[in-house]
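Right, one structure below, let's go through it.
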């Protein structure tokens with residue numbers, strides 16, 4: 001800057017100071033730009049604000065598999081068979097009891113029904129004179145509808161006379177009331193003891209040695225008051241799978257908003273100050 005220009009600038013500054021009420025005696029000091037530091041620059045600040053706004057869009061439906069248990073009662077086809085049991089506390093009397101059995105019933109199944117646990121018969125006032133093991137092996141159905149039943153000698157000889165008589169009546173009456181699935185009805189029973197013919201006392205007739213025994217031979221021992229038959233049912237459980245839509249809660253969305261505003265000017269900086277050169 002030329003000397004004349006500097007003089008003119010100083011004069012103009014002095015006039016301005018006088019106009020602002022500054023005394024002529026007050027000295028104006030020039031401040032170099034490198035000493036002003038941050039006051040020589042204007043700063044702009046950017047403020048970023050983050051706001052969380054809930055998403056209002058409909059959430060997706062997620063299919064979830066659930067399991068529901070359904071109980072179904074199925075009736076099983078049964079067959080009624082007649083079994084004769086003794087009457088608890090009564091001598092020389094047997095009772096006709098209908099028993100429901102499912103599936104095919106064989107002669108071996110039938111004779112096993114004569115020796116159930118006594119605890120199962122007690123509630124009905126019944127009992128049995130046929131101990132387990134008395135019948136040796138399965139009965140054999142011969143021609144003309146005659147079934148051969150072999151008794152175990154050791155078990156039979158250990159029984160009382162009354163129990164022997166009632167056991168024979170139970171066996172004969174039960175087998176002659178049965179109809180086989182493939183060979184028809186049983187008309188008579190031939191009893192053997194250890195494979196040998198045995199003598200049997202028939203009520204009202206006397207001893208019979210080695211001859212087939214018929215239903216009518218023991219009819220006089222039957223109690224006519226019969227028991228009520230029962231029906232066997234089986235319950236099965238079916239599991240069904242169903243799909244139920246479940247609504248999940250939406251995740252919060254973040255939206256960034258930027259507001260840019262100029263920073264305020266430092267109040268210590270005098271506006272429109274001209275610093276003369278040295």
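Of all the listed residues (157, 161), the sole one being under 18 Å from residue 217 (Cβ atoms) and exposed (fewer than 13 other Cβ atoms within 10 Å of the Cβ) is 161. Condition test on residue 103, is it modelled with pLDDT under 95, in contact with a strand residue (DSSP E or B) (Cβ under 9 Å, 6 or more places away or on another chain), under 23 Å from residue 225 (Cα atoms) and assigned by TED's automatic domain parsing to the domain that holds residue 201? Taking the combined requirement at face value, the residue does not satisfy it. For residues that are over 17 Å from residue 137 (Cα atoms) and within 50 Å of the chain's Cα centre (by Cα), tally how many sit in the stretch 171-212. Matching residues across the stretch 171-212 total 12.
Residues are listed down the side, and each one gets a yes or a no for (1) free of Cβ contacts under 8 Å to residues at least 24 places away in the same chain; (2) surrounded by fewer than 16 Cβ atoms within 10 Å (Cβ to Cβ); (3) on the phi > 0 side of the Ramachandran plot:
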site	(1), (2), (3)
171	no, no, no
175	no, no, no
182	yes, yes, no
185	no, yes, no
196	yes, yes, no
202	yes, no, no
217	no, no, no
221	no, no, no
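Conditions tested, residue by residue: (1) more than 24 Å from residue 97 (Cα to Cα); (2) in contact with a helix residue (DSSP H, G or I) (Cβ under 7 Å, 6 or more places away or on another chain); (3) at pLDDT below 95.
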{"position": "128", "(1), (2), (3)": "no, yes, no"}
{"position": "134", "(1), (2), (3)": "no, yes, no"}
{"position": "142", "(1), (2), (3)": "yes, no, yes"}
{"position": "153", "(1), (2), (3)": "yes, no, no"}
{"position": "173", "(1), (2), (3)": "no, yes, no"}
{"position": "179", "(1), (2), (3)": "no, no, yes"}
{"position": "191", "(1), (2), (3)": "no, yes, no"}
{"position": "197", "(1), (2), (3)": "yes, no, yes"}
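The values are calculated or read from the model by the stated rules, or taken from the named source; none is laboratory data. Since this is a predicted model, take the numbers as computed values, not measurements. Cβ coordinates were reconstructed from backbone atoms using ideal geometry, including for glycine residues, and neighbour counts include every protein chain displayed.
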